[in-house]
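The values are calculated or read from the model by the stated rules, or taken from the named source; none is laboratory data. Just so you know, these numbers come straight off a predicted model, no measurement behind them. Cβ atoms come from the backbone with ideal geometry, glycine included; neighbour counts cover every protein chain shown. Heavy atoms of the whole protein, side chains included, go into the accessibility calculation; ligands, DNA and RNA do not. Shrake-Rupley method; radii C 1.70, N 1.55, O 1.52, S 1.80 Å.
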Amino acid sequence: MATTAAAVARALADRGIDRAFGLPGGEVLVLIDELRKAGIDFVLMRHEANAGLAAAVYGKLKGQPGVVIATLGPGAANLLLPVANAYLDQEPLLAITAQLPDDFPSSHTHQLLPLHDTYRPMCKVVETITCANAGDTIRLALDSCMERPYGVSYVTLSAREAVKPVTAGMPSANGHGHDTVIHRADARAAALALEAKLSKAERPLVLVGLSVDQRIAPRLREWLTRWNLPVAVTPKVKGIVDETAPNFVGVISGMAADGLMVDALKASDLLIGFGLDPVEIDKTWHAELPIEWLLESPNAAGRVPDGVGLIDHVKVLETLSAAAPPRTWTQPFAECQKKRLELLDGRASGDGVMWPGDVIRALTSAVPAETIVTTDVGSHKYLFGQFWPSRHPETFWMSNGLSGMAYGLSAAIGAKLARPDAPVLAAVGDGGFSMNAQELETAERVGAPFVTVVLEDGSYSLIKLAQENRKLEPYRMDFRPIDNVKMAESCGVEAIRTANPDELATAVRRAMAQGKSLVACVPVHYADYRRLF
Ligand SMILES: Cc1ncc(C[n+]2csc(CCOP(=O)(O)OP(=O)(O)O)c2C)c(N)n1
């Protein structure tokens, strides 16, 4: 008779799961062995947080939940960050950790944590796997991750239960739905109402956000292009529209050039929130400006704005695309679009450093349009979030609902494993790089080569700028340089340091052509970011 661990592995394999990411402890060894026997590769990483972040990106790109496995106690505690990230950033993730068996003596407290209670508020399913529920629980957990908004299921399996033979039984999974009452609305009626409003609007702006299913990109683009409607996006859906197209206004939600973007929002006489999820917005304009919401599924955390009914996006687009544009718009945000791009022109404020705008231009010239770009969190995220000219859906990845550092490099590993043929570029700060640079070794070991650009400014620059803005004493925001070239080389990855845009472009182009990893360290001046914000 199969064991519980074998039943878990079988249920995962039957659903097409081919990889699990993680970092083991003795308590999950049997499970990992059963995964191996079921043909599921275990991607061994160097921190559970990185494993969870990589797994979720891998899963979302494959159209299935990412799977991460960790041990009990410290391993499960380290998983908090990726679980929080997947919860807020709508990435599908199944987290499996060990746990002490329920029938352990009550005096045994070593590594005993209230894991279910800790994770429950962020998870759709939280369950103990037993020999009676293994297969059903895994199936329920996987299905729940893929219900929109995508999110997390968390299951625990004790080492003792893992080796028990399975028995028949029904799951007792305690699905943790959201409390919001969901209303459905008529998509055709919503489309016609929108058309009527658009016929009166001189400066409409369509705001596309995280809740949109990126597979509808071709339909969405067709409508926006045919009607010549101005469009802005949040960073999490960069690439859903072509950001080099004339109707593209910019990236909203606190990236670089945010003042310009907020002015554009205020100047608009009709804001259309097409799948717009305020989880990405750190200001409150989404509550203060009138927005015509077109939401298909609840936002992160299962929330829906008051009084809004959910509609089918495809049906709305079908109705709108079938109609002629109700009026003509000739780039009402042209001035803003021009100023936005002009911000990239500038000169570095010192010798031996690169102007951030030149980083974008050099890299854009060096990599194919289908390159998957990931960023970490910091000033560089604002730079790339606003100015990286994304052209294809699912080619830009950042943590924006949670905004957690250590995302960029981990996401690049997940992306490269999911799309081995796509070039991948990770843009990270030197602070974030020092959190997980060791995963370069993982990437090499598992055959996931990509280019990492480390923007070196010797500080947590985004926070340093915030300190200056608040007129606080300059205090404890700088660190001594770690030689990131040596760091990369010690992980088996070639590395360069350059402040010359042409040299950067040449090195990146060559690495991508050869399908090799490269770490390009680019010195920048922290204060130069200020001119872009
Ligand atoms: C895990 C985590 N810790 C702390 C923060 C707060 N934080 C946001 S940006 C930032 C600085 C990042 O520095 P670096 O990686 O060097 O990027 P830079 O701002 O210099 O571009 C910090 C500490 C965070 N977002 N995530």
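Take the range 292-311 and flag every residue that is β-branched (Val, Ile, Thr) and either in contact with a helix residue (DSSP H, G or I) (Cβ under 6 Å, 6 or more places away or on another chain) or over 14 Å from residue 190 (Cα atoms) (or both). Steps first, please.
Pass one, the range 292-311, residues β-branched (Val, Ile, Thr): 304, 308, 311.
304, 311 - these are the residues of the range 292-311 that are β-branched (Val, Ile, Thr) and either in contact with a helix residue (DSSP H, G or I) (Cβ under 6 Å, 6 or more places away or on another chain) or over 14 Å from residue 190 (Cα atoms) (or both).
When the range 396-419 is examined, which residues are found to be away from the ligand (no atom under 16 Å from the Cβ), surrounded by 24 or more Cβ atoms within 10 Å (Cβ to Cβ) and not aliphatic (A, V, I, L, M)?
The first filter runs over the range 396-419 and keeps only residues away from the ligand (no atom under 16 Å from the Cβ), leaving 396, 413-419.
Restricting the remaining residues to those that are surrounded by 24 or more Cβ atoms within 10 Å (Cβ to Cβ) gives 396, 413-417.
Hits for the range 396-419 are 396, 414, 416.
Restricted to the range 133-169, and to residues that are part of a loop (DSSP other than H, G, I, E, B) and among the polar types (S, T, N, Q), which residue is modelled with the lowest pLDDT?
Pass one, the range 133-169, residues part of a loop (DSSP other than H, G, I, E, B): 133, 147-151, 157-158, 163-164, 166-169.
With among the polar types (S, T, N, Q) added as a condition, the list becomes 133, 158, 167.
Numbers: 133: 97, 158: 96, 167: 92.
Per the criteria, the residue is 167.
Being surrounded by 24 or more Cβ atoms within 10 Å (Cβ to Cβ) and at pLDDT 95 or above is the filter here; which residues of the range 242-256 pass it? Step through it out loud before you land on a result.
From the range 242-256, those surrounded by 24 or more Cβ atoms within 10 Å (Cβ to Cβ) are 249-253, 255-256; that's our starting set.
Of everything in the range 242-256, those that are surrounded by 24 or more Cβ atoms within 10 Å (Cβ to Cβ) and at pLDDT 95 or above turn out to be 249, 250, 251, 252, 255, 256.
Anything in the range 231-283 that is part of a helix (DSSP H, G or I), basic (Lys, Arg) and more than 15 Å from residue 390 (Cβ to Cβ)? List them, or say none. Lay out the reasoning, then the answer.
Filtering the range 231-283 for residues part of a helix (DSSP H, G or I) gives 235-237, 258-267, 278-280.
Filter again for basic (Lys, Arg), leaving 236, 266.
Hit for the range 231-283 is 266, nothing else.
Tell me which of these residue 355 doesn't satisfy, since it passes every other one: (1) open to solvent by 30 Å² or more (accessible area, probe 1.4 Å); (2) within 16 Å of the ligand (Cβ to nearest atom); (3) hydrophobic (A, V, I, L, M, F, W, C).
(1)
Return a yes/no flag: does the range 283-297 have any residue that is among the aromatic types (Phe, Trp, Tyr) and either within 30 Å of residue 450 (Cβ to Cβ) or in contact (Cβ under 8 Å) with a residue 60 or more places away in the chain (or both). Don't jump to the end; show me each part of the working.
Within the range 283-297, the first condition is being among the aromatic types (Phe, Trp, Tyr), and the residues that meet it are 285, 293.
Retained after the next criterion (residues that are either within 30 Å of residue 450 (Cβ to Cβ) or in contact (Cβ under 8 Å) with a residue 60 or more places away in the chain (or both)): none.
No, there is no match, as no residue in the range 283-297 is among the aromatic types (Phe, Trp, Tyr) and either within 30 Å of residue 450 (Cβ to Cβ) or in contact (Cβ under 8 Å) with a residue 60 or more places away in the chain (or both).
Can residue 373 be described as modelled with pLDDT of 95 or more and either on the phi > 0 side of the Ramachandran plot or assigned to a loop (DSSP other than H, G, I, E, B) (or both)?
On the way: modelled with pLDDT of 95 or more: yes; either on the phi > 0 side of the Ramachandran plot or assigned to a loop (DSSP other than H, G, I, E, B) (or both): no.
When the stated conditions are applied, residue 373 does not pass them.
Kindly establish whether residue 165 is open to solvent by 40 Å² or more (accessible area, probe 1.4 Å), more than 16 Å from the ligand (Cβ to nearest atom) and more than 19 Å from the chain's Cα centre (by Cα). So that I can check it myself, show each step before the final result.
Numbers: open to solvent by 40 Å² or more (accessible area, probe 1.4 Å): yes; more than 16 Å from the ligand (Cβ to nearest atom): yes; more than 19 Å from the chain's Cα centre (by Cα): yes.
Here the answer is yes, as residue 165 does meet what is asked.
Show the residue pairs meeting these rules: Cβ distance below 6 Å; 6+ apart or different chains; first residue within the range 421-450 and among the polar types (S, T, N, Q); second residue surrounded by 23 or more Cβ atoms within 10 Å (Cβ to Cβ).
436/50; 436/406; 436/409; 442/45
Among what's in the range 77-123 and is open to solvent by less than 40 Å² (accessible area, probe 1.4 Å) and over 21 Å from the mean Cα position of the chain (by Cα), pick the residue that is farthest from the ligand (Cβ to nearest atom).
101
Quick check: anything in the range 459-478 in contact with a Gly (Cβ under 8 Å, 6 or more places away or on another chain) and more than 9 Å from the ligand (Cβ to nearest atom)?
The answer is yes, given that some residue of the range 459-478 is in contact with a Gly (Cβ under 8 Å, 6 or more places away or on another chain) and more than 9 Å from the ligand (Cβ to nearest atom).
If you go through the range 272-316, how many residues are farther than 18 Å from residue 182 by Cβ, open to solvent by 20 Å² or more (accessible area, probe 1.4 Å) and not acidic (Asp, Glu)?
Within the range 272-316, the first condition is being farther than 18 Å from residue 182 by Cβ, and the residues that meet it are 272, 274, 280-292, 314.
Next, only the ones that are open to solvent by 20 Å² or more (accessible area, probe 1.4 Å) stay: 282-284, 286-292, 314.
Filter again for not acidic (Asp, Glu), leaving 283-284, 286-287, 289-291, 314.
Result for the range 272-316: 8.
Among the residues of the range 170-180, count how many are modelled with pLDDT of 50 or more and over 14 Å from residue 295 (Cβ atoms).
Selection size over the range 170-180: 1.
Looking at the range 131-170 only, could you name the residues that are among the β-branched types (Val, Ile, Thr) and farther than 17 Å from residue 94 by Cβ?
Step one: filter the range 131-170 for residues among the β-branched types (Val, Ile, Thr), giving 137-138, 152, 155-156, 163, 166-167.
Selection gives 163, 166, 167.
Select from the range 374-395 the residues that are buried (at least 24 other Cβ atoms within 10 Å of the Cβ) and in contact with a helix residue (DSSP H, G or I) (Cβ under 6 Å, 6 or more places away or on another chain) and list them in ascending order.
374, 375, 376, 378, 379, 383, 385, 387
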